[in-house]
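Q: Just passing along the structure, written as structure tokens.
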Amino acid sequence: MKISQNRRGFLKTSTAGALGIMALGPLGCTTAFANDKKDFGVGLQLYSIRDAMAADVPGSLKKVSDLGYKYLEMAGYSDGEFYGYAPAEFKKMVSDLGMEILSSHTMVEAAGITLDNAKIMADAHAALDAKYCIQPWVNEPDRNIETYKKMIGDWNQVGTIMKEVGIQFGYHNHNFEFLNIDGIVPYYDLFLPEMDADLITMEIDLYWVTKAGQDPVEMFNKYPGRFQLFHLKDMYEETEPYFDIMKDDIAPVGAGKIDFRRIMAAKEVAGMKHFFVEDDNQGNGKPFEGIETSINNVTTHILT
């Protein structure tokens, strides 16, 4: 197994409401109030601040905690370590800041896996007490029916190994999985039916499914219980469905057009257990401002 760190509609936000939410910028709360936000159980995918994490892991984690995030999903596993730290060392750093590690994005490449490497990966995540390990990406040359089928078989094996140490394996979508390939829509015709539902849960990225022209609530109703994890990120524009990876439209949660209240109201049907804010664009150069706007809006307009 080769491990890598890489990685419409249905909108109902009024103009007045959107403007009100957008007014909640990075200065919308004090540090003392931010600490209270941990009671909401908001998670952050650390890919949102990947450059900051590469430069200063302890300092970046401290800022995340001060903003009120409670749970973390990592995007920095390699060779048994997380962001260059041994599992126990990284776990202690996070715990000392009053946060918990829930999940990790860890890529299994299309070339295949070895069971030994899968076990090493599982044991490293178990040492963190992580509850989830997520396949986050498929490289562009591998987005074909034959390779998808092979990868799903590999992922089922990884899911079995993860389950043995108490970890739920999962898959995080983008939009390309919804592209019709010769009459086959991979997400619906391959991923959901061929992934063992007991071994692989779906981490649904609400931005990417919306950009692919899918209604998350309809997905939940059709496949109840399959979506234990949500990724929350917003979009500024309502667009026709597309399947390329274009990120310029990514907005802080609550600052765009996706109706998160409607989606979160259906979380029990989905089977959701946790959710994470994610910003692929790192706040367009202001990563901490972007994730602060997101948590402000989640805790004041979406969950309340």
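Q: Just the residues that are out of contact with any Ser or Thr (no Cβ under 9 Å at 6 or more places or on another chain) and within 22 Å of Ile200 (Cβ to Cβ), please, taken from segment 246-272.
A: Ile263, Ala266, Lys267, Glu268, Val269, Ala270, Met272
Q: Confirm whether Ala251 is surrounded by fewer than 22 Cβ atoms within 10 Å (Cβ to Cβ) and of a type in the set (Gly, Ala, Ser).
A: Against the criterion (surrounded by fewer than 22 Cβ atoms within 10 Å (Cβ to Cβ) and of a type in the set (Gly, Ala, Ser)), Ala251 does not qualify.
Q: So in segment 76-102, with the set limited to residues that are among the hydrophobic types (A, V, I, L, M, F, W, C) and not in a loop (DSSP other than H, G, I, E, B), which one is farthest from Ile134 (Cα to Cα)?
A: Result: Met93.
Q: Filter segment 160-192 down to residues that are within 19 Å of Thr106 (Cβ to Cβ) and of a type in the set (Phe, Trp, Tyr) and give me whichever is surrounded by the fewest Cβ atoms within 10 Å (Cβ to Cβ). Full working, then the answer.
A: Of the residues in segment 160-192, the ones within 19 Å of Thr106 (Cβ to Cβ) are 160-174, 177, 191.
So of that shortlist, the ones also of a type in the set (Phe, Trp, Tyr) come out as 169, 171, 191.
On the way: Phe169: 27, Tyr171: 24, Phe191: 20.
Step by step, filter segment 160-192, then rank; the result is Phe191.
Q: Now, a different point. Against the condition out of contact with any helix residue (DSSP H, G or I) (no Cβ under 7 Å at 6 or more places or on another chain) and hydrophobic (A, V, I, L, M, F, W, C), how does Leu72 come out, does it pass? Before the answer, list the steps.
A: Numbers: out of contact with any helix residue (DSSP H, G or I) (no Cβ under 7 Å at 6 or more places or on another chain): no; hydrophobic (A, V, I, L, M, F, W, C): yes.
No.
Q: Go through (1) buried (at least 22 other Cβ atoms within 10 Å of the Cβ); (2) of a type outside the set (Asp, Glu); (3) at pLDDT 95 or above one by one and return the number of the condition Pro141 breaks.
A: Exception for Pro141: condition (1).
Q: If you don't mind, another one. Filter segment 206-220 down to residues that are part of a helix (DSSP H, G or I), over 16 Å from the mean Cα position of the chain (by Cα) and hydrophobic (A, V, I, L, M, F, W, C), then give me how many there are.
A: Matching residues across segment 206-220 total 3.
Q: What is the number of the single condition among (1) part of a loop (DSSP other than H, G, I, E, B); (2) at pLDDT below 95 that Gly283 does not meet?
A: (1)
Q: Pairs only if they're at least six apart or on different chains, beta carbon under 9 angstrom, first in segment 194-205 and more than 9 Å from Ile152 (Cβ to Cβ), second acidic (Asp, Glu) and in a strand (DSSP E or B); list them, first residue then second.
A: Matching pairs, first to second residue: Glu203/Glu73.
Q: Cβ contacts < 6 Å: first residue assigned to a loop (DSSP other than H, G, I, E, B), restricted to segment 221-237; second residue among the basic types (Lys, Arg), any location; separation 6+ or different chain. Result?
A: From segment 221-237, the pairs are Gln228/Lys273.
Q: Here is a follow-up. Going through segment 251-280 one residue at a time, which ones are under 14 Å from the mean Cα position of the chain (by Cα) and not in a loop (DSSP other than H, G, I, E, B)?
A: Matches in segment 251-280: His274, Phe275, Phe276, Val277.
The values are calculated or read from the model by the stated rules, or taken from the named source; none is laboratory data. Computed from a predicted structure; not experimentally measured. Cβ: placed from backbone, ideal geometry, glycine included. Neighbour counts: every protein chain shown.
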